[in-house]
Amino acid sequence: MFEIRTRRAKIVLQIVMTLIVIPFVFPLWVMVQGSLSGQGWENYAIVLAVPELPQFFLNSILVAAATIAIVYVCSMLAAFGFSKLRVRGKEIYFWMLILALTLPEVVLLTPLFATTSSLGLFNTPWAVILPIAALQIPFAVLIARNFVDGIPDELFDAARLDGASTFSGFRYIVVPLTRPIVAAIFVLTFIAAWNNYLLPLVFLQDLSSQTLTLLPQFFVGRFSDDQTKVLASAVISALPVIIAYLSLQRLFERGLAAGALK
Amino acid sequence: MTAMSTTTRPGAASPPKAGKTSGGGPRRRRRSLPNGLPWILPALIVSVGLLYYSIGYTGYISTLKWDGTSPNPESVGLDNYGLLFTDPIFWTALRNTVLFFLVTFGVQTALGVFCAVLLHSRIRLAVVYRVLIFLPVVLAPAIMAPVFRQIYAAGGQFNDVLGFLGLGFLAQPWLAQSSTALPVLMAITIWQWTGLNFILYFAAMGQIDSEILEAARIDGASNWRILVSIIWPGVRGTTIALAMLSAIGALKTFDIPYLVTLGGPNFATEFLGTFIYRESIPLAHVGYAGAISIMLLLLAIVMAFIFGRRRNSEER
């Protein structure tokens, strides 16, 4: 964008950019450094030895995987239905979904609290999975429908002419061709499910059902004021997402960017 | 749906219903399609079903005086809403939300545009900068909260840094004072979300025609002039989208104020999210929380409507 002619200007811009980045790295540095003070690596050994830890991990994986599966299936089927099939009052249904795009999850708190307890879903992963999926589906349907709209109708007509069922059209045309948009949906849903705090906080009171985002608070209770252990636990919880992002950098950036441009 | 598609459509495959319509080709084509309702049903049940049920239920609860568990709640009509409008905490939360939106959006936009321009200018190690700025976007606020609580504590690293820079006289217990707690939460939010603004601006700037930039440069336009007259108008669509995202984000704010300051001190960092949470769970004023929830929902819809219109008029 900018044209930088002189060597001096180049160096100045490089320094400016580095200065801007420092505050972004600083909290991460504090986190790692704090987790290694006091007993050093011993902090990690103590945190990793806490028997509940694997359960927190497993619960987070379960919640994320189930949410992604539900969102994927629902949004793909719906995108195909909205885009290529006949639905009476189609746009009304579509707008009902779109209206839910801006819904803040905290609004769901009171009704879900009453409903989950009466349905016996309290302390089960479903109390978290279903609301997150419900909140993610509208947007997933929106971007998936836009994508399927771009697939020519002739493809489906030709398949039908050859005697393919509607499901085959979905299975052999929609599923393979929508891969790029599916990647975005996966990333968005993963981040939404993995990082969610409010729903697990309210609906997962039982220790054996809790997810990773509740871990630092759990350790605040467990190790009272030993901040080094709390920070070690924060590093451990942050690590999977950091690794996922670093290895799939472009995918994450594109996916989350798609999510911003509703 | 073009004329082409109607000519390729096999006439034999159309059900008898299609014959009744005297309409044009596209219409007949649609009639011949399989019914899509079963396909959209799962999404409608999980999403529309759960969300609209919840909203309806919240609307009903908001007319009750109820603790959430007692078997016979008392109906109070619209009293909860009357109570809400005279509740100073509600107005504090609203004021905080507006301030929060204005500051975080302003700073994130400025930083995002600036970083995007710099990284489009053949700077070295661009990928490293890009990853470091974007990384906070993927980290859960809940995981980072203990870190920020420590950094901004009276004996925390932020005051250490100030001392190191020779600004030790500015050191203070940032989270323990009404005047500084909200700005700290803004700083945390800016830290978290600037990466997203940056990535979006970076992508939008890639779409700007490089010939226009070159023409401007040949005409002697300075870098600053190009930024103001070509780049900034060129990314307007992104700016409006981000304004909407920030506004909705400010309305939704919960994790950071809840975990870092608990809405305090003295409600200085109260947001609608923390307000609803406290009223509904610890205080068990479920009916009142329902009324706040409905207000929050209305605000979110109004916000989306305003920005949506703005964007549509922009696209036209």
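The values are calculated or read from the model by the stated rules, or taken from the named source; none is laboratory data. Values in this document were obtained by computation on a predicted structure and should not be read as measured data. Quick reminder, even Gly has a Cβ in these numbers, built from the backbone with ideal geometry, and neighbours come from all protein chains shown.
Within the stretch B:120-144, being touching a Ser or Thr at 6+ places or on another chain (Cβ under 7 Å), of a type in the set (Val, Ile, Thr) and in contact (Cβ under 8 Å) with a residue 24 or more places away in the chain holds for one residue alone: B:ILE133. Apart from one condition, B:ALA153 fits all of (1) within 7 Å of another protein chain (Cβ to nearest Cβ); (2) within 19 Å of A:PRO216 (Cα to Cα); the exception is (1).
Table: residues versus (1) at the interface with another protein chain (Cβ under 10 Å from one of its Cβ atoms); (2) at pLDDT below 90.
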{"position": "B:SER22", "(1), (2)": "no, yes"}
{"position": "B:PRO38", "(1), (2)": "yes, no"}
{"position": "B:SER47", "(1), (2)": "yes, no"}
{"position": "B:LEU50", "(1), (2)": "yes, no"}
{"position": "B:TRP66", "(1), (2)": "yes, yes"}
{"position": "B:SER70", "(1), (2)": "no, yes"}
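Scanning the stretch A:8-46 for residues that are among the aliphatic types (A, V, I, L, M) and closer than 23 Å to B:VAL113 by Cβ gives A:ALA9, A:ILE11, A:VAL12, A:LEU13, A:ILE15, A:VAL16, A:MET17, A:LEU19, A:ILE20, A:VAL21, A:ILE22, A:VAL25. One residue is enough: does the stretch B:77-89 have a residue meeting the conditions under 14 Å from B:TRP191 (Cα atoms), surrounded by 20 or more Cβ atoms within 10 Å (Cβ to Cβ) and at pLDDT 90 or above? No, the conditions are met nowhere in the stretch B:77-89. Among residues belonging to the stretch A:67-93 that are surrounded by fewer than 23 Cβ atoms within 10 Å (Cβ to Cβ) and hydroxyl-bearing (Ser, Thr, Tyr), point out the one that is nearest to A:ASN195 (Cα to Cα). The selected residue is A:TYR72. All conditions in (1) hydrophobic (A, V, I, L, M, F, W, C); (2) crowded, with 17+ Cβ neighbours inside 10 Å; (3) within 14 Å of B:LEU50 (Cα to Cα); (4) facing chain B (nearest Cβ under 9 Å) hold for A:LEU99, with the sole exception of (2).
For the stretch B:165-181, a tally of residues being assigned to a loop (DSSP other than H, G, I, E, B) and among the hydrophobic types (A, V, I, L, M, F, W, C) returns 3. Could you count how many residues in the stretch A:8-40 are closer than 13 Å to A:LEU231 by Cβ and not β-branched (Val, Ile, Thr)? Within the stretch A:8-40, residues that are closer than 13 Å to A:LEU231 by Cβ and not β-branched (Val, Ile, Thr) number 12. May I ask you to list the residues in the stretch A:1-35 that are within 7 Å of chain B (Cβ to nearest Cβ), outside any helix (DSSP H, G or I) and either loosely packed, with under 13 Cβ neighbours inside 10 Å or under 34 Å from the mean Cα position of the chain (by Cα) (or both)? The answer is A:MET1, and nothing else.
State whether the residues of the stretch B:274-283 include one that is within 21 Å of the chain's Cα centre (by Cα), under 16 Å from B:TRP91 (Cβ atoms) and among the hydrophobic types (A, V, I, L, M, F, W, C).
Yes, the stretch B:274-283 has at least one match.
Of all the residues in the stretch B:275-316, those that are more than 9 Å from chain A (Cβ to nearest Cβ), polar (S, T, N, Q) and either surrounded by 23 or more Cβ atoms within 10 Å (Cβ to Cβ) or within 29 Å of B:ASP67 (Cβ to Cβ) (or both) number 0. Tell me whether the stretch A:57-72 contains one or more residues that are under 30 Å from A:ASP149 (Cβ atoms), at the interface with another protein chain (Cβ under 7 Å from one of its Cβ atoms) and within 29 Å of the chain's Cα centre (by Cα). Within the stretch A:57-72, one or more residues are under 30 Å from A:ASP149 (Cβ atoms), at the interface with another protein chain (Cβ under 7 Å from one of its Cβ atoms) and within 29 Å of the chain's Cα centre (by Cα).
All of B:VAL117, B:VAL103, B:VAL147, B:VAL184 fail the test of being touching a helix residue (DSSP H, G or I) at 6+ places or on another chain (Cβ under 9 Å) and either free of Cβ contacts under 8 Å to residues at least 12 places away in the same chain or in a loop (DSSP other than H, G, I, E, B) (or both), apart from B:VAL147. In summary, A:TYR197 fulfils each of the numbered conditions (1) more than 12 Å from every other protein chain (Cβ to nearest Cβ); (2) at pLDDT 90 or above with the single exception of condition (1). Residues of the stretch A:192-226 that are surrounded by fewer than 18 Cβ atoms within 10 Å (Cβ to Cβ), touching a helix residue (DSSP H, G or I) at 6+ places or on another chain (Cβ under 9 Å) and small (Gly, Ala, Ser): A:SER208 alone. Looking across the stretch A:78-113, the residues that are among the β-branched types (Val, Ile, Thr) and touching a residue at least 40 places away in the same chain (Cβ under 8 Å) come down to A:ILE98, A:VAL106. Is it the case that some residue within the stretch B:37-54 is assigned to a helix (DSSP H, G or I) and either closer than 30 Å to A:MET31 by Cβ or in contact (Cβ under 8 Å) with a residue 60 or more places away in the chain (or both)? No, because not a single residue in the stretch B:37-54 is assigned to a helix (DSSP H, G or I) and either closer than 30 Å to A:MET31 by Cβ or in contact (Cβ under 8 Å) with a residue 60 or more places away in the chain (or both).
What is the residue count in the stretch B:223-271 for residues that are assigned to a loop (DSSP other than H, G, I, E, B), more than 10 Å from every other protein chain (Cβ to nearest Cβ) and out of contact with any Asp or Glu (no Cβ under 9 Å at 6 or more places or on another chain)? If you could, list the steps in order and put the result at the bottom.
Applying the first criterion (assigned to a loop (DSSP other than H, G, I, E, B)) to the stretch B:223-271 yields B:235, B:253-254, B:262-271.
Adding the requirement that they be more than 10 Å from every other protein chain (Cβ to nearest Cβ) leaves B:235, B:262-270.
Subset that is out of contact with any Asp or Glu (no Cβ under 9 Å at 6 or more places or on another chain): B:235, B:262, B:265-270.
Counting residues in the stretch B:223-271 that are assigned to a loop (DSSP other than H, G, I, E, B), more than 10 Å from every other protein chain (Cβ to nearest Cβ) and out of contact with any Asp or Glu (no Cβ under 9 Å at 6 or more places or on another chain) gives 8.
Looking across A:ALA140, A:ALA114, A:ALA158, one residue alone is within 21 Å of the chain's Cα centre (by Cα) and not in a loop (DSSP other than H, G, I, E, B). It is A:ALA140. All conditions but one from (1) touching a helix residue (DSSP H, G or I) at 6+ places or on another chain (Cβ under 7 Å); (2) under 30 Å from A:LEU177 (Cβ atoms); (3) within 10 Å of chain B (Cβ to nearest Cβ); (4) at pLDDT 90 or above apply to A:ILE132; the one that does not is (3). Looking at B:THR180, B:THR189, just one residue is surrounded by 22 or more Cβ atoms within 10 Å (Cβ to Cβ) and more than 7 Å from chain A (Cβ to nearest Cβ), and that residue is B:THR189. On the given criteria, is A:ALA64 within 22 Å of A:TYR172 (Cβ to Cβ) and either out of contact with any Pro (no Cβ under 7 Å at 6 or more places or on another chain) or crowded, with 24+ Cβ neighbours inside 10 Å (or both)? When the stated conditions are applied, A:ALA64 does not pass them.
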